[in-house]
1. Please state the relative contact order of the stretch 190-290 as a whole percent: Cα pairs under 8 Å, 6+ residues apart?
2. Would you mind calculating the relative contact order of the chain from Cα pairs under 8 angstrom and at least 6 residues apart, reporting the percent as a whole number?
3. In whole Hz, with x marking every Gly and Pro, tabulate ³J(HN,Hα) for the stretch 282-287 from phi via Karplus 6.51 cos²θ - 1.76 cosθ + 1.60, θ = phi - 60°.
4. Under a GNM of the chain (C-alpha, springs under 10 Å), which listed residue has the highest mean-square fluctuation: LEU230, LEU51, LEU221?
5. I'd like the Karplus ³J(HN,Hα) series for the stretch 143-160: coefficients 6.51, -1.76, 1.60, θ = phi - 60°, whole numbers in Hz, and an x wherever there's a Gly or Pro.
6. For ASP282, put the label point 7 Å out on the Cα→Cβ axis and report which residues of the stretch 241-275 keep their amide N under 13 Å from it.
7. Please check which bits of the stretch 60-89 a label hung off THR3 would reach, taking the label as a point 7 Å along Cα-to-C-beta and the cut-off as backbone N under 18 Å.
8. Please check the chain for the longest run free of GluC sites (Glu not before Pro) that are loop-located per DSSP (anything but H, G, I, E, B) and have at most 10 other Cβ atoms within 10 Å.
Amino acid sequence: MATIKTVGVIGSGQMGNGIAHVAALAGFDVVLNDLSADRLKSAMATINGNLTRQVTKKTITEDAHQKALARITSSESLEGLAGCDLVIETAVEKEEVKRKIFHDVCAVLKPTAIVASNTSSISITRLAASTDRPEKFIGIHFMNPVPVMELVELIRGIATDDETFEASREFVAKMGKQIAVSEDFPAFIVNRILLPMINEAIYTLYEGVGNVEAIDAAMKLGAHHPMGPLELADFIGLDTWLSIMQVLHEGLADSKYRPCPLLVKYVEAGWLGRKSQRGFYDYRGDKPVPTR
């Protein structure tokens, strides 16, 4: 079986820096790639801050913190990933963007390297077909925030071989994550169930059944969800939710997956949630305030 020692992560945003964090902490050498030096610098600061928080909570030692940081290097070019045994893409949830990345990165990777996507909804079989190694392509879908959430979905494309699957399973297990194996259907398992609930919460707001605070309080206090559905939508990003709902709607051709018009309107306005400072809540003040 292929041995994974060095992991490349394409994209240094919330998911990318989280994957780099947990991989380095588990003892893997990590190359974090992004086009922007500023984003890479910000990502390293985030990783350091999150590791420091774990030290404070006594879940890791200061020695583990420092060793994990030392295992992460950054690269502004894909050529920096040439020596990686596994490369995980964490780009925006748009198929054309991901396909371009895979086409470009495969040109610099060694033939034995495994290529993975952290996509939360897009067909692994289709993405694999844009590479020179569909048998070495797999979906490794981490949950957000990566250092906290225990689950990883593993998704095989139609061409994914057993060696790639087993090496990926071992990689995930070494990070202390639990694995759910999903078939290659739109949105896989978690988002196939979670997204329609979020979408229904937005419809509940859109139709005036309840306001933002009432809907979130209802699910936190009535169903013991740690975050309300609208608060969670803001945390992940409304553009991400919309992209996944569109994949579900188009891929399964069922009207029950139609994105709520209010979600579309917020995304068109650039109100994407926490990352843009406004979504279902306004985050520009001392505490979040509902926008409806």
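Values in this text are rule-based calculations from the coordinates and carry no lab data. Everything quoted here is computed from the prediction, not taken from an experiment. Neighbour counts are summed over all protein chains in view; Cβ atoms, including those assigned to glycine, are modelled from backbone coordinates with ideal geometry.
1. Once divided by the residue count of the stretch 190-290, the mean separation gives 26 percent.
2. It comes to 14 percent, rounded to a whole number.
3. Computed from phi, the couplings for the stretch 282-287 are 9, 9, 7, x, 5, 9 Hz.
4. LEU221
5. 8, 10, x, 4, x, 9, 7, 8, 9, 9, 8, 10, 10, 8, x, 4, 9, 4
6. Label zone hits: none.
7. 83-87
8. 1-149
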